[in-house]
Amino acid sequence: MLTCWMPVFDATEENGCLCVVPGSHTNGLATHCPGTTDARKALHIPDEIRGDYYLPVPVPRGGALFLHRQTMHASLDNKSQGVRWSFDLRYQPIGQPTGRPWFPDFVARSRSNPATELRDPQVWAQMWHNTRTHLASITEKIKTNRWTGDEPVCAA
């Protein structure tokens with residue numbers, strides 16, 4: 001999977017640009033710890049794993065930041081008076097799991113099988129509407145991420 005992150009307005013350190021841990025993509029998928037009421041820590045990589053070094057990556061409006069799927073990244077706190085808006089697009093090989101099986105997936109482009117491409121925005125919208133309706137109807141607790149918090153590093 002490849003992520004393309006694009007800010008709608010300039011993303012600066014003041015308004016909470018992304019930061020990355022250089023080289024972290026070579027270490028495999030990092031353990032995430034779920035669960036505090038603090039939105040910044042709702043799902044996070046513990047400091048013991050992340051380390052002290054991260055690199056802020058300001059991106060101007062119209063620019064893009066490409067991330068390997070295992071690059072540790074987060075946003076800085078937004079210390080400005082404005083909102084930082086961005087688009088987060090993810091590209092992956094057809095058939096590769098998204099990691100979010102309860103959400104619909106679709107084929108945007110396929111050279112080998114163009115007939116599988118989803119080109120009708122109404123069909124896409126209906127897929128999401130059906131998913132929202134289905135999720136709202138579920139009464140039992142469902143697992144919404146792959147992390148349980150049982151890892152020792154999450155106890156801190």
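Descriptive notes on the structure:
- Pick from the stretch 14-67, criterion basic (Lys, Arg) and more than 15 Å from the chain's Cα centre (by Cα), ranking: modelled with the highest pLDDT: Arg61
- Qualifying residue in the stretch 129-143 (condition: under 23 Å from the mean Cα position of the chain (by Cα), touching a residue at least 24 places away in the same chain (Cβ under 8 Å) and within 27 Å of Ala64 (Cβ to Cβ)): no
- Failed item, numbered, when Asp88 is tested on (1) surrounded by 12 or more Cβ atoms within 10 Å (Cβ to Cβ); (2) farther than 24 Å from Ala155 by Cβ; (3) at pLDDT below 95; (4) of a type outside the set (Lys, Arg): (1)
- Filter result (exposed (fewer than 12 other Cβ atoms within 10 Å of the Cβ) and of a type in the set (A, V, I, L, M)) within the stretch 70-85: Val83
- Only one of the numbered conditions (1) under 29 Å from Val8 (Cβ atoms); (2) out of contact with any strand residue (DSSP E or B) (no Cβ under 7 Å at 6 or more places or on another chain) is violated by Phe87, and that is (2).
- Condition met for Ala115 (among the hydrophobic types (A, V, I, L, M, F, W, C), exposed (fewer than 10 other Cβ atoms within 10 Å of the Cβ) and farther than 30 Å from Asp52 by Cα): yes
- Only one of the numbered conditions (1) of a type in the set (S, T, N, Q); (2) surrounded by fewer than 14 Cβ atoms within 10 Å (Cβ to Cβ); (3) at pLDDT 80 or above is violated by Thr3, and that is (2).
- Scanning the stretch 91-107 for residues being within 25 Å of Phe66 (Cα to Cα) and surrounded by 11 or more Cβ atoms within 10 Å (Cβ to Cβ) gives a total of 11.
- For the stretch 118-147, a residue qualifies if it is surrounded by 12 or more Cβ atoms within 10 Å (Cβ to Cβ) and in contact with a helix residue (DSSP H, G or I) (Cβ under 9 Å, 6 or more places away or on another chain), and the qualifying residues are Leu118, Trp147.
- Single unsatisfied condition, Ile142 versus (1) under 22 Å from Asn27 (Cβ atoms); (2) assigned to a loop (DSSP other than H, G, I, E, B); (3) not polar (S, T, N, Q): (1)
- Residue count, the stretch 1-32 (criterion: small (Gly, Ala, Ser) and in a helix (DSSP H, G or I)): 1
- Thr148 vs. criteria assigned to a loop (DSSP other than H, G, I, E, B), touching a residue at least 60 places away in the same chain (Cβ under 8 Å) and more than 22 Å from Leu2 (Cβ to Cβ): yes
The values are calculated or read from the model by the stated rules, or taken from the named source; none is laboratory data. All figures in this text were calculated on a predicted structure; none of them were measured in a lab. All Cβ positions, glycine included, derive from the backbone under ideal geometry; neighbour counts span all protein chains shown.
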